[in-house]
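Novice: Before I ask anything, let me first share the structure, which is written out below as structure tokens.
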Amino acid sequence: MKYKAFSQLLFAGLLLLTPCLTHALDVGVAYQVYATPEKPYLEINIEIAAASVTFKRVDSLHLQAGVETLILVKRDNEVVNYEKYRLNSPMVAIPQNLLDVKRMFVPAGRYELEISFQDIYDPENNHTFTAPLTVDLGSGAYLSDILLLRSYKPDNSDSPFTKNGYFMEPLPFKYYDRTATMLAFYAEIYHTGKVVQGDSYQVRYVLEEDLSGGNTALISVGTQQKRPSAIDAVLIPVNISKLKSGNYQLTVELRNSLNELLARRNIAFQRSNPFLDVPEAELTADVVEQQFVNELDEENLRYSLRAISPLMYGDDSEVLKNILQGSDLKSMRYFLFRHFVNLNPNNPEQVYLEFMKVAGAADKQFRSGFRYGFESDRGRTYIRYGRPDDLVHIEDDPSAPPYEIWIYYNFPKTNQKNVKFLFYNPTLAGEDYIMLHSTARGEINNPRWERDLYKRNAGEEFSGDNYHDSTTMQRNIGRNARTFFEDF
């Protein structure tokens, strides 16, 4: 396989294990007040950006960073609760963000939350976070602060990030980068069993874009029905793959059956989606040079471009041919990046790597010795439409060269059902099968396919009296191509 995976090259050659020059740890903090059946508690989620902390080499393979962390809950300058510890990163090959969660019991009241951070390898590299803190679940319907999540999955381990049967990776920075396709949030609800009349209430969540001058634009609204209870929780995903770059606000409300507001929380976040509907004029050389395609050498560029050639039509097909005939690497990178960023503006590199796995499989399976496997007729079909649902491979028909029939029961490309392709190897040369006929709209449609398949060994045994108009062959021992083609 010719292509290379470049996702790990981001930090290659950049591991300068010296103290951070800015002397400012980049820290995200998110905190919420929850409750056990007995008493409330404070949960604090912390994330420290890898680029802002010093990583030291532990051995020939691993790096590690550490941050001295002091959490203080204060009231009138008196410390009510605290925790001091060292937050160490895992042993890693390349720097990664440090992530942590702490929980501590705090009595009802108003406080100041103060958290200080200090790089253990550079004491001058530090940061202090302060915020007001209110611990009061009250007696009415209570909705906790919203916790934004980077991801979540079912999990019953004893991880500190696991709650209610889910592993939840928090997003304390409240920033969804261009690779994110889903926003997820978690919140807990208390006391609705005491205050909600009827057998249900509604959780309503509203996503809005923050515009200039304090104005907002509605993006989406969702609801979820709940039964009143002493304690409950919501874990809701929202698709943001088409959300453009900007500032946004998520509002979560509890409303009764009369649509009366019981509780409300909101949280602001940022979204970066620079390649969403980006005009081609903005895909400048400077932009492309910062993307994954800049790491591809000429061999990998040509291999990748030839791999996507089956997906090109019209003008794009001609442009690609001209690019491959030349030697302009910038044009190659631009064309390749434009193709994959149009497929997935959130993460073009990921869809490129996934596609190249498919292309590599097609190359290996269908290579004939004359060209790459994905450039053969079967390989192009595989690249365009994927693996067939069924396949008939015949090599023992006495009147025909080897042939294959591919069957697609559902063919979303044209919204057809039971689509078929017939490939054959008239030269008997290796695996160089040629497409002879297909029922897919837009592909080769050859009414005389059966006569062409059998013409070398049974050319005159056609059905009917008219040589020129006949499209089928007489039935004979082993001559089963039409039966296979029509019955599957």
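Novice: Restricting to lysine pairs 8 or more places apart or on different chains, what number in the stretch 139-273 have Cα atoms under 24 Å apart?
Specialist: 9
Novice: Also: First select every other residue whose beta carbon is under 9 angstrom from the beta carbon of residue 192; then total the charges, Lys and Arg +1, Asp and Glu -1.
Specialist: +2
Novice: Would you mind calculating the gained length between residue 350 and residue 238 on full extension (0.36 nm times residue separation, minus the Cα-Cα distance), in nm to one decimal?
Specialist: That pair, residue 350 and residue 238, stretches by 38.2 nm at full extension.
Novice: Sorted by packing (mean other beta-carbon atoms within 10 Å per residue), highest first, where do 305-311, 241-247, 177-183 land? Could the numbers behind the result be given before it?
Specialist: Working: 305-311: 20.0, 241-247: 14.6, 177-183: 16.7.
Sorting 305-311, 241-247, 177-183 by mean packing, highest first, produces 305-311, 177-183, 241-247.
Novice: List every residue whose amide H lies under 5 Å from the amide H of residue 231, counting only residues 5 or more places away in sequence or on a different chain, with H placed 1.01 Å from N in the peptide plane.
Specialist: Here 191 satisfy the definition.
Novice: Here is a further query. Which aspartates and glutamates have a Cα lying under 18 Å from the Cα of residue 417, excluding residues fewer than 8 positions away in the same chain?
Specialist: Reachable aspartates and glutamates: 389, 390, 443, 486, 487.
Novice: Further question: Cross-link candidates for residue 364: which lysines have Cα within less than 28 Å, leaving aside residues fewer than 8 places away along the same chain?
Specialist: 2, 4, 321, 413, 420
Novice: In whole Hz, what ³J(HN,Hα) sequence does the stretch 284-298 give by Karplus (6.51, -1.76, 1.60; θ = phi - 60°), x for Gly and Pro?
Specialist: 6, 4, 5, 5, 5, 5, 8, 9, 4, 5, 5, 8, 7, 7, 4
Novice: Which log10 I(q)/I(0) values does the chain give at q = 0.06, 0.10, 0.11, 0.13 Å⁻¹ under the Debye formula, counting every alpha carbon as one identical point scatterer?
Specialist: Relative scattering, expressed as log10 I(q)/I(0), comes to -0.46, -0.95, -1.05, -1.24.
Novice: Which ³J(HN,Hα) values, rounded to whole Hz and listed in residue order, are derived for the stretch 162-178 from phi using the Karplus coefficients 6.51, -1.76 and 1.60 in 6.51 cos²θ - 1.76 cosθ + 1.60 with θ = phi - 60°, glycine and proline given as x?
Specialist: Coupling constants for the stretch 162-178: 9, 8, 6, x, 10, 7, 10, 8, x, 10, x, 6, 6, 9, 9, 7, 5 Hz.
Novice: Would you mind telling me the antiparallel percentage of the DSSP bridges in the chain, rounded to 5?
Specialist: 95 percent
Novice: Related question: Between the DSSP loop rule and a limit of at most 10 other Cβ atoms within 10 Å, which trypsin sites (Lys or Arg not before Pro) in the stretch 402-436 are left? Working shown, then result.
Specialist: Values: sites: 413, 417, 420; in loops: 413.
The qualifying sites: there are none.
Novice: Would you pull out the residues with amide H under 5 Å of residue 175's amide H, same chain only if 5 or more places away, H placed 1.01 Å from N?
Specialist: Distant-sequence amide H within range of residue 175: 270.
Novice: Another question, if that's okay. List the residues, sorted by chain then number, that are 5 or more residues from residue 182 or on another chain and whose placed amide H is less than 5 Å from its amide H.
Specialist: Result for residue 182 returns 240.
Novice: If each DSSP helix of 4+ residues adds -39,500 (n - 2.57) and the sum is divided by the residues in the chain, what number results at 222 nm, nearest 500 deg cm²/dmol?
Specialist: -5500 deg cm²/dmol
Novice: Report the residues of the stretch 325-369 in range of a label on residue 298: point 7 Å along Cα→C-beta, backbone N strictly under 20 Å from it.
Specialist: 325-337
Novice: How far apart, in nm, are two points set 7 Å out from the Cα along the Cα-to-Cβ line at residue 200 and at residue 395?
Specialist: Output for this residue pair reads 6.1 nm.
Novice: Enter the Cα centre distance for the pair the stretch 65-117 and the stretch 127-171, rounded to the nearest angstrom.
Specialist: Distance between centres, Cα-based: 15 Å.
Novice: Can I ask one more? On average, how much area does the Cα convex hull of the stretch 105-208 cover when viewed from any direction, in nm²?
Specialist: Average of the hull's projected areas for the stretch 105-208 equals 10.8 nm².
Novice: Sticking with this structure for a sec: Per residue of the stretch 238-251, in order, report the coupling 6.51 cos²θ - 1.76 cosθ + 1.60 (Karplus, θ = phi - 60°) as ³J(HN,Hα) in whole Hz, putting x for Gly and Pro.
Specialist: With the stated coefficients, the stretch 238-251 comes to 9, 6, 10, 4, 9, 8, 6, 4, x, 9, 9, 9, 10, 10 Hz.
Novice: Something else: Once Lys and Arg get +1 and Asp and Glu get -1 on their Cβ, which of 113, 203, 67 lies farthest toward the positive end of the dipole of the stretch 63-207?
Specialist: 203
Novice: Turning to a different aspect of this structure: Under 16 Å between alpha carbons, and skipping anything fewer than 8 positions from residue 56 in its own chain: which aspartates and glutamates qualify?
Specialist: Straight-line reach from residue 56, under 16 Å: 68, 119, 122.
Any read-out appearing in this document is the output of simple, stated calculations on the displayed coordinates, not a laboratory observation. Owing to the predicted nature of the structure, the values given are computational and were not obtained by experimental measurement. So basically every Cβ, Gly included, is an ideal-geometry build from the backbone, and we count neighbours across all protein chains shown.
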